[in-house]
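Structure first, then comments.
The values are calculated or read from the model by the stated rules, or taken from the named source; none is laboratory data. Note that this is a predicted model, so its numbers are computed, not measured. Ideal geometry is used to build each Cβ from the backbone, glycine not excepted, and the neighbour counts take in all protein chains shown. Surface accessibility is based on the protein's heavy atoms, side chains included, excluding ligands, DNA and RNA. Shrake-Rupley method; radii C 1.70, N 1.55, O 1.52, S 1.80 Å.
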Amino acid sequence: MRKGQATLNEFTNQIVYDFMNQNPCYFLVFLSFFLLNCDNKSTTALDSAKHDSIIKYLHIASIDSLSIAERDRYNHKAFSLIDMSKNDTLTRWYLCESARYFVRTKNDKAYKKVGKIHFEKTDEVRDSLNLARYYRFRGAYHKSVSKLLDSSFYYYSKSEKVYVKINKPYELVQVYFNKGLIQYSIDDYLGANFTINQSYLIIKNKPDCIIKYEVLNFLANILHNLKDYQNAIKFHERALEVARKDKIKSNIYKFNFIATSYNNIGNSFREIKEYKKAIYYFEQALKEKDLLNKDPLIYAYLLNNIGFCKVRLKHFNNLPYLFNKSAKLFDSLSIKNECATSHVYLSDFYFQQKDTLKAIKHAEKSLLLARQAKAPYYYLTALSNAGYVNKAKAPFYIKEYHEINDSLQFEQRKVRNQFHKIELETNEIAQEKEKAIKQKWLMIAIVTGILLIVILLFVIHRQRARQKELELLQSQQKANEEIYQLMLNQQEKVEEARQIEKKKIGLELHDGIMNRLASTRLNLFVLSKKKDVETVNSCLPYIEGIQLIESEIRNLSHELNQDVFIKSDSFTSLLQELVVIQNNISTTHYKLQIATNVNWDKVSSEKKMHLYRIVQEAIHNSAKYAKATQVNVLFTIENSKLKLTVSDNGIGFDTQKNKEGIGLRNMEHRMKAVNGSIFITSTPNQGTMIKVTLPMVY
């Protein structure tokens, strides 16, 4: 393709999109099954031997790695063993395959002979499938052997009509593909786009395979030539995904599909002048293992493309080496048109380097090569470049350019008109199909009406169920709010009772202990006046009383200290009280940790209620089911989200088997109600961890 955009036209012509050619082993199994089901009475040992030999020779004739002469010889052997006195399915299939392989080896004489017999036997019994195959391979013959594109298009169209009639979509993929190739070759990109899209619609949702890659790659190339570069890149990227499959990367193909896709993506970026991106994809292609030996053609394209982008970026490193090497590769492959392109790039490079003599030399070389290649478009490109670098001959080159361009456009219009006439014939089958469809409309309308009624009834039922579910959720939410408010009220009463108790302790301290201290101080004051034995003995009971006062003060101090460290936040108090109660009634040790940056005043009552219930359920399960000895409850703030983690060292459970538990479902339901998330991980004998994340929307 021009500008180094690689296609696989030759290889595509060799692909037959049916199961027998996709897998030789499956092909042999199919034929074995076919033979076993033939009439045993009419099958002799000699017949079986012939069948086996035909299968073997046809298989060898299909191996592309063999020389054309070898493949032709084995195909002749297979044909010579076919019993022409018969006209059964197997005989017609043998003839079809033999004709196909003669097309692939471009043996004109042998194909015409075998193709004629195949057509006569097919037409005799009105075998639609084989007739479609005959037309299809006849189209391939005219395309690759006789080079008559209008005849090729005609037979592909006839094949299409039969395949449509007998409903063979996968065979249609190959027919559409080859018709698109013909349209593409005459620059009818809109027609090719329409045709190839028909192939794409058939295989779009099918498993990835070589023909799917070909369709995606071809469709992208068409879009590229229609200057729809963004969509071209998208389809090339999809083709690249398919190319990465093991089957596509297999060494049985002589093209590197991954490198081809990278090259094509780079070409699209090149056309929109994103040269750095283009170079990135070209270099990715060059990283393919042993690319130069396995696919020298794409390697040469890549060198040309990288060099072109570097010239445009004014990065002249590795130049003109890249262009010289690509020219040598194209020359060794006898691809003169692309070799001409390399010399056009060399001419442009030297012209920018102010070396006019070398620029003109390579411009003349590109003209010579393009003329020898009989490639009009390449010749036009070479003429345009020659006129640019050689001002003396510019008028002559410009005149010749316009003459060739006008002539080429006229010929293209003639060919396109021929193809459109052929396409008109296919409308007949479309009309027949439309007539059959009209006869089915009544039944379809009735079935559709019934389905619509059923769907409508289902939607009404579903809406009512959702309405009831919503009402239930609203009532449950309201009940949760009320329960939480009652808990807060209860906490306030507890706090009020605690304050009363503190006042009582203060009064007791003041009225009791202080008075006793004052009395003791006065009674012991006498020691400062008298120190006789009698006075000391009388004061000893007061000294012992001081120890009692000290003990009483210590008890009161402990009680007061406990009150000091009780959180003023009511929700924190509820959690602490829950943990204290559980520690008192259970052998499991519970530990509560709340990060200092958690501000409960900014968390709604509904969310607090759900969090409290989840903690309750989690620590209850840890003791009852998990048999844990240690349970940790942790509240933190991360990325403006409140996070709760409850972990234990219990026996754990299988989350897949026990995910339908009522408790777990309730936790998930609570988090869903407040737009939170819950994630439960557990492994048998390794404990359980529940992680809750709640957005801090106040």
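Accessible surface computed residue by residue for region 105-255, with neighbouring protein chains in place and a 1.4 Å probe, gives 44 Å² per residue.
In this rough spin-label picture, where each label sits 7 Å from Cα along the Cβ direction, the Leu473-Asn599 distance is 2.9 nm. One decimal place: the segment Lys106-Ile662 gains 192.8 nm when fully extended, by the rule 0.36 nm per residue minus the C-alpha distance. Using the Cβ-Cβ distance between Ser573 and Ile553 with R0 set to 30 Å, the FRET efficiency works out to roughly 0.65. Label-to-label distance, Lys358 versus Thr535, with points set 7 angstrom from Cα along the beta-carbon direction: 12.6 nm. The simple Förster model, with R0 at 51 Å and r as the Cβ-Cβ distance, assigns Gln485 and Thr448 a FRET efficiency of 0.40. Share of carbon and sulfur in the accessible area of region 48-99 stands at 55%, probe radius 1.4 Å.
Accessible surface for Leu333 stands near 70 Å², nearest 10, in the context of the full protein assembly shown (1.4 Å probe). For Asn87, neighbours were defined as the other residues whose beta-carbon sits under 12 Å from its Cβ, and their charges (Lys and Arg +1, Asp and Glu -1) total -2. The simple Förster model, with R0 at 30 Å and r as the Cβ-Cβ distance, assigns Ile637 and Asn583 a FRET efficiency of 0.70. Non-local lysine pairs in region 595-643, meaning eight or more places apart or on different chains, with alpha-carbon distances under 28 Å, amount to 11. Pairs from the table (Lys277/Lys325; Lys121/Lys212; Lys234/Lys325) lying more than 25 angstrom apart at Cα are Lys121/Lys212; Lys234/Lys325. Loop-resident GluC sites (Glu not before Pro) (DSSP state other than H, G, I, E or B) in region 585-674 with no more than 10 further Cβ atoms inside 10 Å of their Cβ: Glu660.
Protection proxy ranking for 146-155, 128-137, using the average of other Cβ atoms within 10 Å per residue and placing the highest first: 128-137, 146-155. Within a straight-line Cα-Cα reach of under 17 Å, Lys502 can be paired with the following lysines, leaving aside sequence neighbours fewer than 8 residues apart in one chain: Lys493, Lys567.
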